[in-house]
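Below is one structure, written out as C-alpha cells, with a few remarks after it.
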Amino acid sequence: QLQAFGGGLVQAGGSLRLSCAGPGRVIGIKALRWYRQAPGKEREWVATMISNGSVKYADSVKDRFTISRNRAKTTLYLQMNTLESDDTAVYYCNIETVYGASWGQGTLVTVSS
C-alpha cells in the first residue's frame, strides 16, 4: 500500500517536500508519477520519472517542482518550491510497473495567499 505524506499548510512562495513510500522496494518499475486534484477539478498529471531517470513536468509546475527518488529506490519525492495558491490540491503518487499500476493515498497541500 503506497502512502503519500508531507502535505500541509504553507504560505504562497514557500516550499514543501512530499514523499511516497510503500511497504518495501518495488520490482519492475516502468514509471513514477505525481498527480494532483484540486477542489472541484479533475485529477491532473504533475510530473513523471521513468525507469532510466529522465523526468517530465507539467507546464504549470516546470522550474518550480522536482521529482526524485532516494538511492535505495524505496521512496519517491516531489520537491515543491515557490508554491502558488493554484497548487492547492490533494497530491497522489502513482507507480507503474510491468505488473500494473498502483496509486498511493493522497496528501493535502494547502497554499495560502
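The values are calculated or read from the model by the stated rules, or taken from the named source; none is laboratory data. None of these values were measured; they are calculated from a predicted model. Counting neighbours? That spans all protein chains shown, and the Cβs are built from the backbone with ideal geometry, glycine included.
Remarks
- Selection within the stretch 21-32 - assigned to a strand (DSSP E or B) and either surrounded by 14 or more Cβ atoms within 10 Å (Cβ to Cβ) or without any contact (Cβ under 8 Å) to a residue 24 or more places away in the chain (or both): ALA21, ILE29, ALA31, LEU32
- Taken together, LEU2, LEU18 contain a single residue that is modelled with pLDDT of 95 or more and either surrounded by 12 or more Cβ atoms within 10 Å (Cβ to Cβ) or in contact with a helix residue (DSSP H, G or I) (Cβ under 9 Å, 6 or more places away or on another chain) (or both), which is LEU18.
- Checking each residue in the stretch 85-108 for being closer than 18 Å to ARG17 by Cα, surrounded by fewer than 19 Cβ atoms within 10 Å (Cβ to Cβ) and at pLDDT below 95 picks out only GLN105.
- Qualifying positions in the stretch 70-84 - more than 22 Å from GLY13 (Cβ to Cβ) and buried (at least 17 other Cβ atoms within 10 Å of the Cβ): LEU76
- Candidates are the residues of the stretch 33-63 that are over 24 Å from THR97 (Cα atoms) and touching a strand residue (DSSP E or B) at 6+ places or on another chain (Cβ under 7 Å); the one that is surrounded by the fewest Cβ atoms within 10 Å (Cβ to Cβ) is ALA38.
- The set of residues from the stretch 42-73 being within 16 Å of GLY6 (Cα to Cα) and modelled with pLDDT under 95 comprises ARG69, ASN70.
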